[in-house]
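In what follows, a structure is listed as C-alpha cells, so that the remarks can point back to it.
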Amino acid sequence: MVGHCRCSVLPSCLGRYGLVRSGKRAGPFKANFGQGRSHAGQTIVVVFQGWSAPKSMTTFRPNRRTKDAAGLARPSAGVAKASASVIPPRDPDRLAKLAELVSRQRFETKDILFNQAEIHRLTLSLSRTIDRPNFRRVDVDDLRRMIRMYDERFFGGRLLPHAEAEGLTFGLSKRMTRIAGKMVTHYSTDRIRGPRKFELVLSSTLLFQTFRDVDRPVEVTGRRCRDRLEAMQRIAEHELVHLTEMLIWNDGNCDQARFQSIARRYFAHTDYQHDLITQQERAARKFNLRVGDAVRFRFQDRWLVGRINRITRRATVLVEDPKGETFSDGGRYLRYYVPLEHLKRA
Ligand SMILES: [Zn+2]
C-alpha cells in the first residue's frame, strides 16, 4: 500500500494531447517510457540516459492559478531542543507533543529569511557537488543534509528522529518532469495505522531545466527564486511540510489550511505551487516546438519526418511506419524519443 500527500491541484493544462495508441483511453498520457528498452521493436530510444525511477505519486505541481494572499509569519515562540533518547516509532505521546509545537510555532519573517539564507550558504560551503548557486550537479546527500539543517533550525532537531524511527529515505528523480517534489508514505501492510516508511524525492530534471536557457522570473511556493539552489530549498521546504503532516496526522494536503498555515509560519510560503520551467515551456520558448508540430530529425544516417506527440524530458515523435503500433487516428507509427535539440521543424 502506498499513500502519498495528495496534492490535488492539477495543472489546468497538460499540453495538447497527441494521438493515443489504439484501444487506449484518450487524455493525458500515462505511457511508460520503458526506461530506454525497446518494446517489441516499436519503441526506439534515440538517446538514452538510464536512471532508476522512484515508486510513484505526485505532489508538487506547476502553478496554473492565481496566488493566495500572502500571510506573514509572527514572532518566534522559540524551539526547544530534542532529547537525545532513542525515539520509538510512531509513539503517540511524542507525536502529540510535536503536533502541539507545529501547531503553535511562529517565526518572524526576518528569522525565516536569515535561516533560509544560512542554509543556502552552508550548502554551498559543505557540499561536494553543489559548488555554485546555479549548480550543475546535485547528490542525494545534498538533499539529506539540507533537510537535516531545516530540522535543526526550524524544528529544534525534533522532526527527523521521529521520521527516521519509522524509516526515511531521500531521492532525486529525473523522471519527474512536471512535479517538483513528492513525499510518499509506504505502508507495509494494508492498514493505514500499520508501520510506515517515508520517501522524500525532488525532481532534478525540473531544477536543471530552470535557470538554464529560458530566462524569466521563477517562483516556487510564492517566493521569487534567484537561483537553482533557492528553488531546491523551496521545494525541499514544501516536501518537509508534507512529511511533518504525514508524520503527525497521517494525512495532509497542500491545498488545505493546515498545510498552508505550517508552510507560512515556518517558511514564509505564500503558495503551494511552482512555476519551474517544464520541458514543454522550454520546447515552446527556446525551440518553438509544440505537441502536434511536424518535425524532422536524423536517425542512423537518415532524416525521418514525424509529428511531436508528447514532450517530457524528450519529445516523443511519431513516424509513420507499417511496422508500428496503431494509433487513434488509424495510422501506424513508430515512436522515437528525441532530445529537443535534435529536432528541426519540418
Ligand atoms: Zn504538495
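With the requirement that a residue be surrounded by 15 or more Cβ atoms within 10 Å (Cβ to Cβ) and part of a helix (DSSP H, G or I), what does region 114-139 give you?
Residues satisfying the conditions are Asn115, Gln116, Ile119, His120, Thr123.
Would you mind stating whether Glu325 is in contact with a helix residue (DSSP H, G or I) (Cβ under 9 Å, 6 or more places away or on another chain) and acidic (Asp, Glu)?
no
With the requirement that a residue be touching a strand residue (DSSP E or B) at 6+ places or on another chain (Cβ under 8 Å) and either more than 16 Å from the ligand (Cβ to nearest atom) or at pLDDT below 95 (or both), what does region 186-202 give you?
Across region 186-202, the qualifying residues are His186, Tyr187, Ser188, Ile192, Gly194, Pro195, Arg196, Lys197.
Scan region 123-142 and tell me whether some residue there is modelled with pLDDT of 95 or more and in contact with a Cys (Cβ under 6 Å, 6 or more places away or on another chain).
No - not one qualifying residue is present in region 123-142.
Tell me the residue from His242, His269 that is within 11 Å of the ligand (Cβ to nearest atom), in the same structural domain as Leu143 (by TED's automatic domain parsing) and in contact with a strand residue (DSSP E or B) (Cβ under 6 Å, 6 or more places away or on another chain), please.
His242
All but one of (1) part of a strand (DSSP E or B); (2) within 16 Å of the ligand (Cβ to nearest atom) hold for Met176; which doesn't?
It fails just one condition, (1).
Which residue is surrounded by the most Cβ atoms within 10 Å (Cβ to Cβ), if the candidates are limited to region 176-197 and must be closer than 22 Å to Leu160 by Cβ and among the hydroxyl-bearing types (Ser, Thr, Tyr)?
Thr185
Which number in (1) closer than 21 Å to Thr210 by Cα; (2) more than 22 Å from the chain's Cα centre (by Cα) marks the one condition that Phe297 misses?
(1)
The values are calculated or read from the model by the stated rules, or taken from the named source; none is laboratory data. Worth saying up front: this structure is predicted, and the values here are computed from it rather than measured. All Cβ positions, glycine included, derive from the backbone under ideal geometry; neighbour counts span all protein chains shown.
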